[in-house]
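Below is one structure; the comments refer to it alone.
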Amino acid sequence: MKQLIQDLRTGETRLEDVPVPTCSKGQVLIQTRRSLVSMGTERMLVEFGRGSLLAKAWQQPDRVRDVLAKVRTDGLLPTLTAVRRKLDQPIPLGYCNVGTVVAIGEGITDLRLGDRVASNGPHAEVVCVARNLVAPVPDGVSDEEATFAVIGSVCLHAIRLLAPTLDETVVVVGLGLVGLLTADLLRINGCRVIGIEPDEAKRQLAQRKGITALDPYAGNPAKAVLALTNGVGTDGVVIATSTQSNQVLAQAAQMSRKRGRIVLVGTAGLTLNRADFYYKELSFQVSCSYGPGRYDEAYEQQGIDYPLPYVRWTTNRNFQAILGFIKTGQLDVASLISAVVPLENYRDIYERIGKRNQPLESRMAMLLTYPESVERATVLPIREVRSSAGAGGVGVIGAGNFAAAVLVPALKKAGANLRMIASQSGLSATLLARKFDVPYSTSDYEPILNDPAIDLCVIATRHNSHAQLAIDAMQAGKHVFVEKPLAITEAELDSVIKAQQATGRQVMVGFNRRFAPLVEKMKALLGGAQSGTMLMNVVATMNAGLVPDTSWVHDRFVGGGRILGEACHYVDLITFLTGSRVRSVCLNAMGKNPTETTDSGTLVLHYENGSTGVVNYFANGSKAYAKERVEVYSLERTLVLDNFRTLTGYGFPRFTKQSGRQDKGHTAQMHRLIAQLRTGGEPLIPFAELVNSTQTMLAALQSLRERRWVDVLPTACPNVDKPSSVSTL
């Protein structure tokens, strides 16, 4: 199928061939019939993509400050690499989609195949959307009209925040598509509406709809509004502009009555004049997208609706309301449609989308139409290759940020025979496959498991899928590399152990830090293979930084929590340095009643050989401070590793300091993994150590719950400690 994307590095808007996305639990697969081009939002994305690096930086000053802080802590080259990776991630365009249901995920009972629905799906021939972002289209509403459901909800939510009452006066600043729809909905609500718009053609269109329209350049708009309201001022203002000027907000304040309300649904400069707001006691609010539920992981991805008696208007109910207004004829959207263009002719729209001096019909609602039949293949050949069994092929499941930024580049540098990349949407897998010349992309991981030319399965998905995907891969005869953690529950870990014992397949976890050059130098200085006989104290600190509470990583049964999902790196690292396994653990976390998903805590580890480890994982530190630090104390000697860039030794006769570019061992790990799989030999990390590190993290959470030390019990599987060699592929 085809999907429209915006390349942020080159500025190119292009139609990409991608696999059809797969439909999972709580999702709806929709074959698109029409989609609406949002001239405001999409113009901003297109203009951002077409801008120079300096222009991009100018538009996002906060990101520039983050980049400068990263340069100071990580160095220039890693920072430049990270910036380039971000710009190499194209953005899907579009969010106003209408189509036909072609597949329904588990748990959905109120939709049927063939139903017409509106959703926030992108410009693509087939889209996969969570149920709460899909609304049935009523009979009597055309496909073209139904494309306004989502963008209309943006306007409707802004009005609900403004809370206008019957016969109030409301000013709408900016009469583009969002502004005109907002004005129309306010009129339906019984308000007197005044529009402010510099474009004469838009003003005329508004006037035909019964809206008083003012030219801001013909005089002072605030004085004009005061004159129209007998000196009282407007009850409310909705700002639907696309500007960085502070003047818009200042004028909105000046034209408002005392205790008036202002809602921003577009963009504007946010430098406020305190006096304007102070004397009138004005309220100001920014409207967020379609309404309650938007960006809420539980609402969007888990399908948990807000109870209607307590949250009357959610995102989905706003969709339905707009479709209802269209059905009854109260909301006229057909008159706003200026062009209907076949998908393959998308350039007719996007080549002029950033040009402001266009006729009115080029700047209102433009629709894309789609073919009636689409080939729904889930595997896309990027380039044809001849398949041969036992070729040492590698398949990657997951094409998110970490896979794209770290894993796939490391595999490529290691000379891996990358054969296929899978992601649920298909788009991210295809773009990653094209970039690294991988023959196939897919939206379904089953083809990876069924391909006889693939011997190693690399798993880089959300944490709650790691264990089951690893089990599926082993049962399909594949060796497995799992990005940490290996499992997030005891039951998952037990199942992984049993699958590994039954299949004899190699399991490797992405504990890369033990392969970092400076860590291997530490190991050698501490005695190498003999380090297990020496007692040592190891203190590892990760200045992890803040992750929003809404992120999936904080969900105990999705991400496992940050300590379980990330601090496990340091349990493995200390295991490597001490040459021993954890015997007991105690976790203390910040707060009066910390939960298992806390992201600031300290693990104290007691090892079988008597060594101790401390892992400080903190999310409340400064970004200006280095992210990682490791200290080792043993036999009157001390080693300090600073952010994987500098290693300093104290008490070592022939070693004082070694510095270099930041290297956390990802590439070295992949080099050795691929070489070991081709030549055979012992696992790079014994499976028993991988199990012990995972058990330690699960025991740490138990320790936090029960507020005591917890023993890390040996696994019940008798062969885990037995070394298992890997045969040559």
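The values are calculated or read from the model by the stated rules, or taken from the named source; none is laboratory data. The model shown is predicted, which means the values in this text are computed figures rather than measured ones. Here the Cβ is made from the backbone with ideal geometry for all residues, glycine too, and neighbour counts use every protein chain on show.
With the condition kept exactly as written, say whether any residue in the stretch 207-227 is hydrophobic (A, V, I, L, M, F, W, C) and buried (at least 24 other Cβ atoms within 10 Å of the Cβ). Quick ask: steps written out before the conclusion?
So the first thing to find is which residues in the stretch 207-227 are hydrophobic (A, V, I, L, M, F, W, C), and the list is 211, 213-214, 218, 222, 224-227.
Among the residues that remain, those that are also buried (at least 24 other Cβ atoms within 10 Å of the Cβ) are: 225.
Checked against the condition, which is being hydrophobic (A, V, I, L, M, F, W, C) and buried (at least 24 other Cβ atoms within 10 Å of the Cβ), the stretch 207-227 yields at least one hit.
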Open item on the list: Under 9 Å between Cβ atoms, which residue pairs at least 6 apart in sequence (or on different chains) link something in the stretch 445-457 that is free of Cβ contacts under 8 Å to residues at least 24 places away in the same chain with a partner that is assigned to a helix (DSSP H, G or I) and of a type in the set (D, E, K, R)?
Closed with: E446/D472
Open item on the list: Take the conditions crowded, with 18+ Cβ neighbours inside 10 Å, aromatic (F, W, Y) and assigned by TED's automatic domain parsing to the domain that holds E12 and apply them to Y346. Does it pass?
Closed with: yes
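Could you grab me the full set of residues in the stretch 550-569 that are under 18 Å from V691 (Cβ atoms) and either part of a loop (DSSP other than H, G, I, E, B) or among the small types (G, A, S) (or both)? Outline the logic, then answer.
Residues of the stretch 550-569 that are under 18 Å from V691 (Cβ atoms), as a first pass: 560, 564-565, 567-569.
If the condition is that a residue be under 18 Å from V691 (Cβ atoms) and either part of a loop (DSSP other than H, G, I, E, B) or among the small types (G, A, S) (or both), then G560, G565, A567 are the ones that fit.
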Task: Those helices (runs of 4 or more DSSP H) lying entirely in the stretch 191-308 with at least 2 residues in contact with a Pro (Cβ under 7 Å, 6 or more places away or on another chain) - done: 247-255
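If you take the residues in the stretch 524-547 that are of a type in the set (A, V, I, L, M, F, W, C), surrounded by fewer than 20 Cβ atoms within 10 Å (Cβ to Cβ) and under 26 Å from K627 (Cα atoms), which one is nearest to the chain's Cα centre (by Cα)?
V547
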- [ ] Go through the stretch 166-188 residue by residue and tally those that are basic (K, R) and crowded, with 24+ Cβ neighbours inside 10 Å.
- [x] 0
- [ ] Would you please list the contacts, defined by Cβ atoms under 9 Å and residues six or more apart or on different chains, that run from a residue in the stretch 620-638 that is under 17 Å from R654 (Cα atoms) to a residue that is of a type in the set (D, E, K, R) and in a strand (DSSP E or B)?
- [x] T638/E631
Open item on the list: Condition first: surrounded by 22 or more Cβ atoms within 10 Å (Cβ to Cβ), in a strand (DSSP E or B) and of a type in the set (V, I, T). Can you find one or more residues in the stretch 489-496 that meet it?
Closed with: no
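For Y617, indicate whether it is among the aromatic types (F, W, Y), surrounded by 17 or more Cβ atoms within 10 Å (Cβ to Cβ), in contact with a Ser or Thr (Cβ under 8 Å, 6 or more places away or on another chain) and farther than 13 Å from K521 by Cα. Talk me through it step by step, then tell me what you get.
On the way: among the aromatic types (F, W, Y): yes; surrounded by 17 or more Cβ atoms within 10 Å (Cβ to Cβ): yes; in contact with a Ser or Thr (Cβ under 8 Å, 6 or more places away or on another chain): yes; farther than 13 Å from K521 by Cα: yes.
Answer is yes for this residue.
For (1) small (G, A, S); (2) out of contact with any His (no Cβ under 6 Å at 6 or more places or on another chain); (3) at pLDDT 95 or above, each residue gets a yes or a no:
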| site | (1), (2), (3) |
| --- | --- |
| Q27 | no, yes, yes |
| V46 | no, yes, no |
| W58 | no, yes, no |
| D74 | no, yes, no |
| P78 | no, yes, no |
| G121 | yes, yes, yes |
Task: Those residues of the stretch 569-595 which are touching a residue at least 40 places away in the same chain (Cβ under 8 Å) and either among the aliphatic types (A, V, I, L, M) or not assigned by TED's automatic domain parsing to the domain that holds E689 (or both), in sequence order - done: V571, L573, I574, L577, V582, V585, L587, A589
TODO: Kindly indicate whether any position in the stretch 591-601 is in contact with a His (Cβ under 6 Å, 6 or more places away or on another chain), in a loop (DSSP other than H, G, I, E, B) and surrounded by 16 or more Cβ atoms within 10 Å (Cβ to Cβ).
DONE: yes
TODO: State all residues of the stretch 646-672 that are of a type outside the set (K, R), surrounded by fewer than 17 Cβ atoms within 10 Å (Cβ to Cβ) and outside any loop (DSSP other than H, G, I, E, B); if no residue qualifies, say none.
DONE: T646, T648, Y650, Q658, S659
